[in-house]
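Undergrad: Sharing a structure here in structure tokens format.
All of the numbers you see were taken from the coordinates with simple rules; none came from a lab. All of these numbers come straight from a predicted model, not from anything done at the bench. All Cβ positions, glycine included, derive from the backbone under ideal geometry; neighbour counts span all protein chains shown.
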Amino acid sequence: MSLLLSSVTPDALIQFGGRLHPLLLHMPIGLFAAVVLVEVAAIVRRKPLDQSMRVTLVWMTALSAAMAMTSGLLLGREDSYGGDVLQTHKLLGIGVAVGAVLVAICAMKPALRGIYALLLIATTAAMIPAGHLGGTMTHGEDFLTAPFASKNPAPDAQENRAGDESQRSLFATTVAPVIHDKCLACHNAARHKGGLSMETPDGILAGAEAGPIIVPGDAASSEMIIRLRLPIEDDGHMPPKSKPQPTEAEIAAIEHWINKGAEMSSQDVLTPVNASATRSAPTTSAPELRPPSQEAIAALRAAQVHVERVDPASGLLWIDCAAAPILDDAQAQLLLEPLRDFIADLSLAGTHTGDGILTLVAKMPNLRSLNISRTACSPAGLQLLKGHASIEDLRLTQTALDDSVIDTLAALPALKRVFLWSSGISTDAAGRLSAANLDLLVDVGASAKAEPLETEGAIALSGDAPLPGAAPTIATLAPANALCPVSGKAVNAKFVIVHEGTIIGFCCQDCAAKFWAEPQKYPVPK
Amino acid sequence: MHPVEEHYLDLTRRRFFGQATRGMCGAMGTLALGSLLKNTAALAASTDASRAPMGVQFRPKAKRVIYMHMEGAPSQLDLFDYKPGLRHRYNQDLPDSIRQGQRFTGMTSDQARFPVAPSIFRFSKYANNQDGVWLSELIPHTASMAKEICFIHSMHTEAINHEPGITFFQTGNQQPGRPSFGAWVSYGLGSANDNLPSFVVLISQGFGNTQALSARFWGSGFLPSEHQGCKLRSAGDPVLFLKDPSGVDRADRRKMLDLVGDLNHLEMERSLDPEVKTRIAQYEMAYRMQMSVPELTDLSSEDEATLAMYGPEVKKPGTFAANCLLARRLAERGVRFIQLYMRGWDAHNNLPSEIRKQCAAVDQPQAALLTDLKRRGLLDDTLVIWAGEFGRTVYSQGTLSETNYGRDHHPRCFSLWLAGGGVKPGVTIGKTDDYSYNIVENPIDVHDLHATLLHLLGMNHERLVYRHEGRDFRLTDVFGKVRPEIMI
């Protein structure tokens, strides 16, 4: 209980009052409508309205409008709101509240009936834009008109978009629509929750109150991705649990964009999804944006080929044919072709494939690791891989290659490691490759066995080491000197001190004290 | 009896409570029965989905594991944890300042004194990626691979006896009943070769004092039982009855399995018992293993030099050498978790003679396994673990002489090694005191090790969970920290 009370601070109360605004604002709307309706009804029915009823109604209206205005002003103090929309909404809201009070005052005097009528019409009219702007801040700009927006742009419009797809940035085509649909409702210029407005690229770059939301080139460290990837139950998860969630592919697209450097120009405008042709646009340059074909994956699995995502964030795949040794070039070609763009890690080791499949392998834009050990690949086949821009890891063990392969290997710019054990390539040739590129690890399977650097001598066991932590004995404190450095008399082993690592003996306690006071004055005799 | 009631009697208790809310509808009669049957189909589908592996949570460093468990606990003092100072403390009593009142096992607690037994084995210094590492003359082959290996000297465990010790190391808990490490990996990542089990167990008999090795060490606990380790036999055929009986051909077998499968599906729909699914899966696995296992164990494709590298016993089934070679072949074929057990390290008495024989059996094959994996480019994504369940004491159990001693169980510090799969190569982690009794630097417990190994496999140990008895279980229970110093 005391905990509860202690959290009731004036600030909290103000915030609480402010947050009642969405509730209170509906009362003046309804009451204004009621006043207008009864007045119109009275005119139509030619029956004068009962004055006491009119006064009650208009004062209820005035009171509720004042309450809505007060709560609105309190809510506006919260950081997450701001901008032109808020300013206009605020002015109109104050106007409506003041108007409502004036209406009520005028209503009390039958002489002012004309002014009353004018004021009532004017205030009700002002209430409409005020309410609309309020709704814009909560639900987003196009909330009201969205149902009328065309879901499918005209075919020729689509063609045009597809035509200039190459000119449109990654941001504009893939990221902006997601932000528009899933983030902008709360993080806009008018309602920048958490101090974040994502309405413009500059706003996205500026980040939130707590710091930047994007680390270009590093999606994993970017607050935006961290929040998107938190479990949905987590309070920090964005968008909040109750709001529409982005799909896995959309998150992956944002990650991809951040990893590529999060480029956007200040001309980029955030457009809604249905205004963009992204989803139907060809995206060969960035396959992560489009999930790999499930049919192609199912076909591979049916052929006993293992297919696994290399990580959940990208659509890239690890494909391993270890369980499908009967796979030959033609079958492999058929099965792998549809997934060409997605293969990052491919093992054909031990299958019946050979040079045939390497034509396709050469065209895999995201391939990083290739294992063609124990296959029938030949030097001529390997030449097809020449210039492949992304292969980092290449396993060629137990093959029938020859030294001519070295030229191909030297022409793989991204290559970091190559395994050549039992590949028919001579150690000399491998050495040349290694010498030409010192960053390249060339493993020819030479025995890695190392001889010892040193070996301890014959073992002699004894029990004479002092126990750890035992009190030093006289024997262990034998002084280095025979004569007392102060008096010159013979040293008494009872009086010893340790000074700068040397054990020094004295004839008596007084001499030890004198030495301790001015050690430099008394050279220690050997 | 009402058909609905009869139906419930067939359910297992777990299913019963899982279905309790639907049960209320069931009591309302035939109308509800229709919805119940619909639910059955939905349930079967959801069971399938729940059986799909979770997959990696981030990009892994390792794709598979070869875990060599040294059953009985090898002596860190005679193999890895070099304490030359102890040579001058021969037969001294273990100081109280070191023991700090720690418990002894029942086997040594009534000894009159605890004489320090220095290792009688010579150590040599091998180059690694730090300033070198001292290793025993018992393991020259392994030592020569020091540049690939990460030695951890600061492991500690909670258990002081074998059964709870191995259970803790294998399942993250001293009490039996939890899934084994391999079962968790199989559950989390699934198989990378549908023709072989994702978790395979190979056992080698040792030469020293041997302890019981229960099948539950590789059991699946409460996980679906297809994730339990599949033990290949160490003598004769690795798997029995691989060949169809004469007169039965492959097509007949297929027909039979299809029919049995149909019957099992009917039973599944009737009883909703998830283990029926497992049974169907196991029949299919056995059918595929009829083809894959003969190929796996046929060593004719191995060249002589490779066989020689593993040592003279490589062709004798069940030896550690044969199992190391088999482990490499399994790794090549995509098996996720390969668990080797080497028994016989429990040297309470006659440690020098027992450990000589043990090391002679494991040293060359395990070094050959590392070499073989490395030259094929497989070491980078294969995580190799070599560990016992605890360490051994610095003091002698039984009579101490200059040539003979024994060592009791010691959970407070011990050594193990890791290699490949994203582990930092050629380093030593952690330090013990001069007696190899207490850890003085960088203690690592079993949960930390599990968390780190799962991390290398691309899984967050806090998110690899299975709901059982109303709570989410993890390999690391509520413990475990990923240790970056172990990883590249």
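Undergrad: Could you point to the residue in B:Gly422, B:Thr210, A:Pro239 farthest towards the positive end of the protein assembly as shown's charge dipole, with +1 and -1 charges on the Cβ of Lys/Arg and Asp/Glu respectively?
TA: Farthest along the dipole direction, towards plus: A:Pro239.
Undergrad: While we're here: Which ³J(HN,Hα) values in Hz, rounded to whole numbers, follow from the phi angles of segment B:478-488 under the Karplus curve 6.51 cos²θ - 1.76 cosθ + 1.60, where θ = phi - 60° and Gly and Pro get x?
TA: Working through the residues one at a time gives 10, 10, x, 10, 6, 9, x, 5, 7, 9, 4 Hz.
Undergrad: Return the loop-located chymotrypsin sites (Phe, Trp or Tyr not before Pro) in segment B:194-250 (DSSP other than H, G, I, E, B) with at most 10 other Cβ atoms within 10 Å of their own Cβ; answer none if there are none.
TA: Within segment B:194-250, the qualifying chymotrypsin sites (Phe, Trp or Tyr not before Pro) (loop, at most 10 other Cβ atoms within 10 Å) are B:Phe241.
Undergrad: Once you place label points 7 Å from the Cα toward the Cβ at A:Ala517 and A:Lys416, how far apart are they in nm?
TA: Between A:Ala517 and A:Lys416, the simple spin-label model gives 6.9 nm.
Undergrad: Sticking with this structure for a sec: In the neighborhood of A:Arg417, defined by Cβ-to-Cβ distances under 15 Å, what is the net charge if each Lys or Arg adds +1 and each Asp or Glu adds -1? Walk me through the intermediate numbers first.
TA: On the way: positive: A:Arg368, A:Arg395, A:Lys416, B:Lys61, B:Lys374, B:Arg375, B:Arg376; negative: A:Asp345, A:Glu392, A:Asp393, A:Asp439, A:Asp443, B:Glu148, B:Asp380, B:Asp381.
Net charge around A:Arg417: -1.
Undergrad: May I pose another question? Going through segment B:119-181, which GluC sites (Glu not before Pro) have at most 11 other Cβ atoms within 10 Å and a DSSP loop state?
TA: Hits after loop and neighbour filter: nothing returned.
Undergrad: Give the relative contact order (percent, whole number) for segment A:19-97; include only Cα pairs under 8 Å separated by 6+ residues.
TA: Worked out over segment A:19-97, it gives 41 percent.
Undergrad: Turning to a different aspect of this structure: Run the reach check for B:Lys61 against aspartates and glutamates, Cα to Cα strictly under 12 Å, same-chain hits fewer than 8 apart removed. What comes back?
TA: Once the sequence-local aspartates and glutamates are set aside, what remains near B:Lys61 is A:Asp311, B:Asp380, B:Asp381.
Undergrad: Still on this structure: Residues of segment B:316-344 with the amide nitrogen closer than 13 Å to a label point 7 Å from the Cα of B:Gln205, along Cα-to-Cβ, please.
TA: Hits in segment B:316-344 for B:Gln205 at 13 Å: B:317-320, B:343-344.
Undergrad: Hey, another quick one. Mind putting together the pair-distance distribution for segment B:332-488? All Cα pairs, 5 Å bins, whole percent per bin, short to long.
TA: Bins of 5 Å from zero give 2, 7, 13, 16, 17, 17, 13, 8, 4, 1, 0, 0 percent of pairs.
Undergrad: May I pose another question? Considering Cα pairs under 8 angstrom that are at least six residues apart, work out the relative contact order of chain A and quote it in whole percent.
TA: It comes to 6 percent, rounded to a whole number.
Undergrad: When the Karplus curve 6.51 cos²θ - 1.76 cosθ + 1.60 is applied with θ = phi - 60°, which whole-Hz ³J(HN,Hα) does each residue of segment A:373-382 get, with x for Gly and Pro?
TA: 4, 6, 10, 8, 4, 10, x, 5, x, 4
Undergrad: Please work out how much length the chain gains when fully extended from A:Ala146 to A:Ser221, using 0.36 nm per residue of separation minus the C-alpha to C-alpha distance, in nm with one decimal.
TA: Gain in length upon complete extension: 23.5 nm.
Undergrad: Something else about it: Take chain A, drop everything but the C-alpha atoms, weight them equally and run the Debye formula without solvent; then report log10 I(q)/I(0) at 0.08, 0.13 Å⁻¹ to two decimals.
TA: -0.79, -1.25
Undergrad: What residues qualify as long-range amide H neighbours of B:Ile429, i.e. H under 5 Å apart, gap of 5 or more or another chain, H built at 1.01 Å from N?
TA: B:Phe151, B:Ile152, B:His153
Undergrad: Using only Cα atoms, find the angle between the long axis of helix A:51-76 and the longest principal axis of chain A, and express it within 0 to 90 degrees, rounded to the nearest 10.
TA: Computed tilt is about 20 degrees.
Undergrad: In terms of the ratio Rg/(2.2 N^0.38 Å) built on C-alpha atoms, what value belongs to the protein assembly as shown?
TA: Against the compact-globule rule of thumb, the ratio is 1.26.
Undergrad: Per the Debye formula with a single identical scatterer at each Cα and no solvent contribution, what log10 I(q)/I(0) holds for segment B:120-181 at q = 0.17, 0.21 Å⁻¹?
TA: Debye intensities relative to I(0), on a log10 scale: -0.73, -0.80.
Undergrad: While we're here: Provide the descending list of Cα extents for segment B:129-254 along its principal axes, expressed in whole angstroms.
TA: 64, 35, 33 Å, listed from the longest principal axis down.
Undergrad: For an R0 of 45 angstrom, estimate the FRET efficiency from the Cβ-Cβ distance between A:Met53 and A:Ala206 and round to the nearest 0.05.
TA: Calculated transfer efficiency: 0.25.
Undergrad: Follow-up question, since we're still on this one. Give the calculated FRET efficiency between A:Ile14 and A:Thr502 to the nearest 0.05, with a Förster radius of 56 Å applied to their Cβ-Cβ distance.
TA: E between A:Ile14 and A:Thr502, to the nearest 0.05, is 0.15.
Undergrad: So how tilted is helix A:427-436 from the main axis of chain A? Cα-based, degrees 0 to 90, rounded to 10.
TA: Result, in degrees: 50.
Undergrad: If you build the convex hull over the alpha carbons only and average its shadow over all orientations, what do you get for segment A:1-80? Give it in nm² to one decimal.
TA: 7.3
Undergrad: Quick check: pseudo-label points 7 Å beyond the Cα along Cα→Cβ at B:Ala212 and A:Lys449, how many nm apart are they?
TA: Taking the simple label geometry, B:Ala212 and A:Lys449 are separated by 4.1 nm.
Undergrad: Would you grab the residues whose amide H sits under 5 Å from the one on B:Arg64? Only those 5+ places off in sequence or on another chain, please, with H modelled 1.01 Å from N.
TA: B:Leu383
Undergrad: On a 0 to 90 degree scale, rounded to 10, what angle separates helix B:351-375 from the longest Cα axis of chain B?
TA: Taking Cα atoms only, the helix is inclined about 60 degrees.
Undergrad: I've got another one for you. Can you give the local net charge around A:Ala349? Use residues other than it whose beta-carbon is closer than 10 angstrom to its beta-carbon, Lys and Arg +1, Asp and Glu -1.
TA: Working: positive: A:Arg374, A:Arg395, B:Arg333, B:Arg376; negative: A:Asp320, B:Glu332.
Net charge around A:Ala349: +2.
Undergrad: Work out from phi, with θ = phi - 60° and the Karplus expression 6.51 cos²θ - 1.76 cosθ + 1.60, the ³J(HN,Hα) of each residue of segment A:396-412, listed in order in whole Hz, and give x for Gly and Pro.
TA: Calculated HN-Hα couplings, in order: 10, 5, 6, 10, 10, 9, 9, 5, 5, 5, 4, 4, 4, 5, 5, 9, 10 Hz.
Undergrad: Counting pairwise Cα distances across segment A:371-488, what percent come out greater than 20 angstrom? Let's see the in-between values first.
TA: On the way: 4067 of 6903 pairs.
The calculated P(r) of segment A:371-488 puts 59 percent of pairs beyond 20 Å.
Undergrad: Per residue of B:84-93, count partner chain C-beta atoms within 10 Å of its C-beta, then hand back the mean as an integer.
TA: If you average over the peptide's residues, the count of other-chain Cβ atoms is 5.
Undergrad: Something else: Could you give the radius of gyration (one decimal) and Dmax (whole number) of the Cα atoms in chain B, in Å?
TA: According to the Cα coordinates of chain B, Rg and Dmax are 25.0, 86 Å.
Undergrad: If packing is taken as the average number of other Cβ atoms within 10 Å across a peptide's residues, how do A:367-374, B:64-71 rank, most packed first?
TA: Going by the mean number of other Cβ atoms within 10 Å, highest first, we get B:64-71, A:367-374.
Undergrad: Next up: When Cβ neighbours within 10 Å are restricted to other protein chains, what is their mean count per residue of peptide B:140-148?
TA: Partner Cβ neighbours, averaged per residue: 3.
Undergrad: Same structure again: For every other residue with a beta carbon closer than 9 angstrom to the beta carbon of B:Val185, add +1 if it is Lys or Arg and -1 if Asp or Glu, then tell me the sum.
TA: Charge balance near B:Val185 sits at +2.
Undergrad: For a Förster distance of 41 Å, can you work out the FRET efficiency between the beta-carbons of A:Arg301 and B:Leu299, rounded to the nearest 0.05? Don't jump to the answer; show the numbers that get you there.
TA: Numbers: r = 30 Å, r/R0 = 0.72.
About 0.90, to the nearest 0.05.
Undergrad: Same structure again: Before anything else, pin down the relative contact order of chain B: Cα pairs under 8 Å, at least 6 apart, normalised by residue count, whole percent.
TA: Numbers: 977 pairs, mean separation 135.6, N = 488.
Relative contact order here is 28 percent.
Undergrad: Please quote Rg/Rh for segment B:52-191 to two decimal places, taking the Kirkwood radius as Rh and restricting both calculations to Cα atoms.
TA: 1.04
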